[in-house]
Amino acid sequence: MIYLTAGESHGPELTGLIEGFPAGLKLSVDQINHKLHERQGGYGRGYRQKIEKDQVIITSGVRHGITLGSPITLRIANIDHSHWSEVMKPVGEPDPDIAMREVKNPRPGHADLVGGMKYGHRDLRNVLERSSARETAMRVAIGAICIQLLNQLGIQIAGYVQKIGTIDADSNQLLSTAQIEEEISKNDLRIIKQDKVAPIHELIDQTKKDGDTLGGVIRIVAENVPAGLGSYISWNEKLDAKIAAAVMGINAMKGVSFGDGFDISAKPGSQVMDQIYWDPNKGWYRSSDHLGGFEGGMTNGMTIIVNAAMKPIPTLYKPLHSVSIDTKEEHKASIERSDVTAIVAASIVIEAAVAIELCQAILDTFDYNNMERLKKQYSDYCNELKNY
Ligand code: EPS
C-alpha cells in the first residue's frame with residue numbers, strides 16, 4: 001500500500017490517494033467522518049475549527065460501500081477557502097486590487113524561513129500553506145480506513161494525551177484500548193485522569209492570555225497485534241523504525257519512543273527485558289511490556305506502545321524575534337491565527353499514523369488483493385504462531 005496527500009491549508013480542498021488496498025472491505029464513511037470530527041475537537045483549538053466541518057468524499061476505488069482493490073481517492077473540502085478564494089486560487093493571475101496576504105516575517109519554529117530558502121519563495125505563504133497541520137486531516141481519513149481493516153483482523157488501537165505542558169495526566173498503568181476509550185470520552189482533553197482536567201483547562205486559558213502555546217506527550221496503544229510484523233533482516237524492514245518515521249512526519253513532533261521510552265536507558269537489563277513464558281492455552285507471552293511490543297524491529301505479540309513528544313505550536317500571539325526576508329530589518333514574527341495547543345488533535349493524527357504503518361506491514365506480509373483471502377492467511381498465521 002502506498003498513499004499520498006495533497007492540498008494547501010486555505011486552498012480549495014485536501015486530496016488523498018491510497019493504492020494497494022485490498023478489495024472486499026466494507027467501508028464505513030461514518031467512521032471516517034467520526035475520526036475527522038474528533039481531530040477537530042479538543043480544548044485549546046483556535047477559531048479555524050469553528051469554520052471547518054471536515055467530511056470525506058470518496059470519488060474512486062469504492063463501489064456501493066465496498067473497496068474494489070483499485071486506487072481510492074479521498075477529498076476533504078476547506079470551507080475556509082471561500083474567504084481565500086482570490087489569494088489561494090490554483091489558476092489565473094492574482095487580482096491586483098486584492099491584497100495577497102503575503103508573509104515576509106518568518107516564525108521561529110515553523111517551516112517558513114527554511115522552506116522559503118529551499119524553494120526560492122519570496123512570499124512565505126507558499127510555504128506555510130502546505131506546512132500547516134491542516135494536511136493532517138487527510139492522514140486521519142486514510143488512517144481511519146486502515147483502522148477499519150485492522151479491526152476486521154481483531155486489532156484494536158487507541159490514543160490519548162499523557163501530558164500537556166508540565167501536567168502529567170496519565171495513570172501510569174498499561175490500560176486496554178477499551179479502558180482508554182472510556183476514560184478519554186469523559187473529557188475534552190483525551191486524558192485519563194479526570195482530576196487533571198480543571199488544572200489543564202486553567203493552564204491552557206492562562207497560556208492563551210499570555211499569547212503563548214503548549215506542547216505535550218501522546219501515547220498510542222495497539223493490542224492483539226501478532227508477533228512477526230516487520231523484520232530484523234535489514235534496517236529498512238524494521239517496523240518500529242517505520243512507525244517512528246511516520247510519527248516524526250507529523251507536524252510539530254520532536255520525539256518518539258516505545259514502551260517505557262527513554263527511562264529504560266537508566267535501568268539495568270534485568271528490569272527492562274520482557275521475560276518469556278509459554279502457556280498451552282495462550283501460547284507464547286511475556287510478563288511485562290517495557291519494550292512496547294517490539295524486539296529486533298518486529299512485533300513480539302505484546303501490546304504496541306508508542307509515545308510521541310510534540311513541541312508547542314510555533315505561531316505565537318506574542319510573537320518572537322524575526323527578520324524580514326525583504327528588508328532584512330528586525331521584526332516580530334508574523335501572527336497567523338493559531339491554536340494554543342493542538343495536542344488533542346495530534347493524538348488522533350498519531351493514532352492514524354500508527355494504524356497506517358501497521359496496516360502497511362500486514363499488507364506487506366499477506367496477500368493484499370482480497371480481504372477474505374487476507375483474513376484467512378492472517379488467521380492461519382496466528383494459529384501457526386500459537387503452536388510454534
Ligand atoms: C495552522 C494554523 C491554523 C490551524 C491549522 C494549522 O490554521 P488557520 O491559520 O487557518 O487558523 O487551525 O490547523 C488546521 C487548519 C487543522 O485543520 O488542523 C498552522 O499554521 O499549522
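Here, each number is a calculation from the coordinates, and none is a lab measurement. These numbers come from a predicted model, not from an experiment. Please note: Cβ atoms are built from the backbone with ideal geometry, for glycine as well, and neighbour counts cover all protein chains shown.
The table below gives the values:
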quantity	calculated
For the stretch 22-135, convex hull of alpha carbons as volume per residue, Å³	168
Mean separation of Cα contacts under 8 Å (6+ apart) over length of the stretch 208-329, as relative contact order %	42
Residues F21, F262, sorted so that the one with the fewest Cβ neighbours within 10 Å comes first	F262, F21
Cα-based Rg of the stretch 206-248 normalised by 2.2 N^0.38 Å, two decimals	1.89
Charge tally in the Cβ shell below 12 Å around N78, where Lys, Arg are +1 and Asp, Glu are -1, N78 excluded	-3
The stretch 152-254 - Debye-derived log10 I(q)/I(0), Cα point model, q = 0.18, 0.24 Å⁻¹	-0.98, -1.29
All-pairs alpha carbon distance profile, the stretch 250-343, 5 Å steps from 0, percent	3, 11, 14, 13, 11, 9, 8, 7, 8, 7, 4, 3, 2, 1, 0
Pairwise FRET efficiency - L320 versus E13, Cβ, R0 = 22 Å, nearest 0.05	0.10
Ellipticity estimate at 222 nm from DSSP helix runs (n ≥ 4, -39,500 (n - 2.57)) divided over the chain, nearest 500	-9500 deg cm²/dmol
Residues of type lysines that K318 reaches as a straight line, Cα spacing below 24 Å, ignoring anything fewer than 8 places off in the same chain	K50, K104, K163, K208, K209, K254, K328, K332
Net lengthening on full extension, S60/Y47 (0.36 nm per residue, minus Cα-Cα)	1.5 nm
Whole-number percent relative contact order across the chain, with pairs defined as alpha carbons under 8 Å at least 6 apart	22
Residue order, fewest to most beta carbons within 10 Å, for I147, I305, I264, I335	I335, I264, I305, I147
Full-stretch length increase - E330, N236 - with 0.36 nm per residue and alpha-carbon distance subtracted	29.4 nm
Mean separation of Cα contacts under 8 Å, 6 or more apart, over the residue count of the stretch 1-82: relative contact order %	40
Tail fraction, Cα-Cα pairs, the chain, threshold 28 Å, whole percent	50
Free-standing Cys residues across the chain, given no other cysteine C-beta under 4.7 angstrom	C382
Cα gyration tensor shape for the stretch 94-219, rounded if a/c is under 1.5, else prolate or oblate	oblate
Environment charge at S176 (Cβ cut-off 10 Å; Lys +1, Arg +1, Asp -1, Glu -1)	-3
Per-peptide average of other Cβ atoms within 10 Å, ordering 290-300, 59-69 highest first	290-300, 59-69
Rg/Rh ratio calculated on Cα atoms of the stretch 41-82 (Kirkwood radius)	1.16
Ordering of 138-146, 96-104, 240-248 by packing [mean C-beta count within 10 Å, highest first]	138-146, 240-248, 96-104
Those residues of the stretch 279-322 whose amide nitrogen sits under 19 Å from the label point placed on A266, 7 Å along Cα→Cβ	290-292, 307-309
